[in-house]
Each structure stands twice: as C-alpha cells, then as structure tokens.
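Values quoted throughout were computed directly from the atomic coordinates according to the rules given, and no laboratory measurement underlies them. Predicted model only: the values in this text are computed from it and were never measured. Heads up, the Cβs are rebuilt from the backbone with ideal geometry, glycines too, and the neighbour counts pull from every protein chain shown.
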Number of protein chains: 2
Amino acid sequence: MLTLFHHPFCPHSRFVRLALGEYGIAARTVEERVWERRQEFLILNPACTTPVVVEEGRPAVPGAAVIAEYLDETRGIELGELRLLPREIGTRVEVRRLMSWFNDKFFAEVSGPLTTERLYKRQMPTSAGGGSPDTEVIRAARHNMRYHLAYIGWLVRTRDWLAGGRMSYGRTVAAFPCRRRPWRHGLDGNDRRAAREPARALAAGTLRHHARPQLRPWRG
Amino acid sequence: MLTLFHHPFCPHSRFVRLALGEYGIAARTVEERVWERRQEFLILNPACTTPVVVEEGRPAVPGAAVIAEYLDETRGIELGELRLLPREIGTRVEVRRLMSWFNDKFFAEVSGPLTTERLYKRQMPTSAGGGSPDTEVIRAARHNMRYHLAYIGWLVRTRDWLAGGRMSYGRTVAAFPCRRRPWRHGLDGNDRRAAREPARALAAGTLRHHARPQLRPWRG
C-alpha cells in the first residue's frame, strides 16, 4: 500500500493525487501540516515539504517531480500506452519542461504565494508565520497569474494534449491551474478577462513581467 | 555536436558543465545573458533561464534537471557503470532528491540570490534590474548558507558518494557548493566557521531557519 503525505491545498500534492488517480493507484493519505515541522515527517523529507510518497521497503520519495519519475519507473512499463511519461525522447523533454514550468515557475510566481497567503496563513499559528495575508504578495501573484493564464491559453489552443499525442504528466500538471481551485479565489473578473487576451506574442517570448522572487529572512 | 547555452556564474549551468565533463561530451558553449531576453533564446526556452542544451533534430532541452534526465536517457546505457543516474530504484530517488535539493532549494535560498546580487547585477543594465546589491537579500542568503553548509558537511561525513556507491548526479550537484566559487564571496570567516559546527541535529530535521522566498513585483 502506498502512503501519500500531502495537504489538500498544496498544488504539488494535488498534481500527485491527479497522477495517482490517472494510474488507478489506491493510496492511504496523511494530511501533513508542514509548518508544524513534525519530527517523523522531517526524517522522511528534511526539506519539510509535501508531497512525500512512502512504500514499504523503499526510501521515502519526496517532491512532485521525483514522485512523477518514481511512479513511471515502478508502474510505467506495465501501463503501456497509459503511462504519463511517454517513451519518445523529444516528448519526454517537453513533458518534463511543462512539469517544471508548473511545479517550479508557476508555483513560485503564482500558486505558492496565493496558497500561503490566502489559505495556509489562516491555519498557521503566528509563531510559524500565520496571520493576515500580505497584500503586496497577493498583488504580485495576481499580476503574474494573467501572464501564466495567457500562456496556458496558448498551450491549450495550439495543442490537443499539451505535450505528445495523448495524456501525460504535462497535461496532468497543467490541469489544475485551469480549474476553479482555492488559489483562484485570488482572481477577480478583470483578471480572468485579461487572461483571455490573445497570447501569441507572449508565447513567442515576450513574457516579461514576472515577479522575481526575493529572499527575506525567515520570520518564524 | 551539442550546444550549451549557459552563463559562467549560473549555478545550474555549472552543474550541467560538470555533468558534461563527467560524461566526456564535447559541447559548443554560447554565453547567454538572460536579462537581455534575446528573441532567439526565448524561443528555445520561454522561461528565459540558463542552461539550455540543443542537439540537431531534437527539441531544445531547458533546465538542469531536464538536461540531467536527457543526458542519461540518450547516453546513459552505453556508459554502463559511468552513468550519473544509477539503475537501482532507491538510489535514483536519492540522487533526484539531492539534485532537487541543490538545484531548487539551495538555489532559491542561497546561490541564486548571491549570484544575482553580487554578480549579475553588476552586468545588468538598470532597466533590467541591475545596480547595487540588495544587502538585505545578501544577509538572508548568508544566514541560510550556514544551514546548508552544515547539511552538506553531514552528507559528506556520513556518505562516500552522497547517494549510492559511486559517482552520480547527486555528487555532481553537491560538488560546486563545496568549492571556492564566485557566490562564496558572500561568506566571511565567521560564516565558514559556523558551517563547520556539528550538524547531526540539523540532519535529523531541525533545519528551521531558512528564509522564505517572498514574491515582489517585477521592477524591470
């Protein structure tokens, strides 16, 4: 039995839950509040982030991208055409590029900050950084969101499955920004309209207005 | 002939240069100043980050982790025991965990901000965010550095090759923080001494004082 340490609001956990669903893998789920820094969880993943997958007799598998590779390597071959990491080398590159785009870039610039400010901070105690959302961070993330939604729009219009000719991690990872999800509560009607603007120039490389994540000292 | 778009100061580019060196792959290198947002480069990688690997007849391969998988899948089997992603499934998980630790976490918390503040900003025009380094960012990155160096120290003391029984991407990716490199100029003698402290508690999961990257609007 596979155990998934996750959080309902964590975008990376959601990607792994979708992938497990596509693969038809039943998993025991454990909700992990990473800000509590549970000792047992830190031993599984010293980075103290969700998701983490644990299977008997195997080391813990931390992080969305590592889990995606692990699931493919342990289940992919028997799944044949249903595997989410295609066999052709060029398509694998594109699927992994999209995974990185959404799990890393989109997370850093949009979904991570929105999830933290709007959802996690309500649950976190003040000593762990909880409290009122930082409106400046939300404003920056919403600004970035428009560019990302436009890029997603371009991907969806020009490709059937985002990468390759069928279902893949590339589509799984891009699926959740396209649905009404908790972090979308940060968007108002204007944002959604802006996101529908033609995105050709953007896709051709004029995506300029991303926020640069800046480092601040931990205030725990 | 493989072409590598890179920058001499970019930590991810350095990881890929080391991996190419280990594999004995000759590559043509093109120095890319990502802040110039060259149209031709944006077509190769819309995220506009180095490194990118290009081979004839194949799509461009962007990002350190995607390149690592690509090199292994295109050259790994013929290299046999010299491949940098071992065959055993548990070791693959640990190698990928370490790649992610250094390429994502260490980069976000230490090497990325130090490289940007101390090196890139000198070369960048003011319109692209160049100018004086942000001392608050440098202070946060140096603070984080101590914890990371202590973790690296623990890894080095308890494992011969960091992951698995021989050379791997896990060791390649951890190699550069251990050497005197441009971003280390941000460290003074006190930092280096602090990093030598025993790190057992840290490795057991008390790594608490990381900076949380915060999002700020793009000031380009």
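Looking at the stretch A:14-51, which of the residues that are out of contact with any His (no Cβ under 8 Å at 6 or more places or on another chain) and of a type in the set (Asp, Glu) is nearest to A:GLY131 (Cα to Cα)?
A:GLU36
Name the one entry in B:PRO113, B:PRO59 that is touching a helix residue (DSSP H, G or I) at 6+ places or on another chain (Cβ under 6 Å), within 7 Å of chain A (Cβ to nearest Cβ) and assigned to a helix (DSSP H, G or I).
When all the criteria are applied, what remains is B:PRO113.
What are the residues in the stretch A:118-137 that are in contact with a strand residue (DSSP E or B) (Cβ under 9 Å, 6 or more places away or on another chain) and part of a helix (DSSP H, G or I), if any?
A:GLU136, A:VAL137
Which one of the conditions (1) part of a loop (DSSP other than H, G, I, E, B); (2) in contact with a strand residue (DSSP E or B) (Cβ under 9 Å, 6 or more places away or on another chain) does B:LEU71 fail to meet, given that it meets all the rest?
Answer for B:LEU71: the failing condition is (1).
What number of residues within the stretch A:34-53 are under 17 Å from the mean Cα position of the chain (by Cα) and not β-branched (Val, Ile, Thr)?
3
Given the conditions (1) touching a residue at least 24 places away in the same chain (Cβ under 8 Å); (2) closer than 30 Å to A:CYS48 by Cβ, and given that B:GLU36 satisfies all but one, which numbered condition is not satisfied?
Condition not satisfied by B:GLU36: (2).
Within the stretch A:76-104, how many residues are among the acidic types (Asp, Glu), surrounded by 19 or more Cβ atoms within 10 Å (Cβ to Cβ) and over 13 Å from the mean Cα position of the chain (by Cα)?
1
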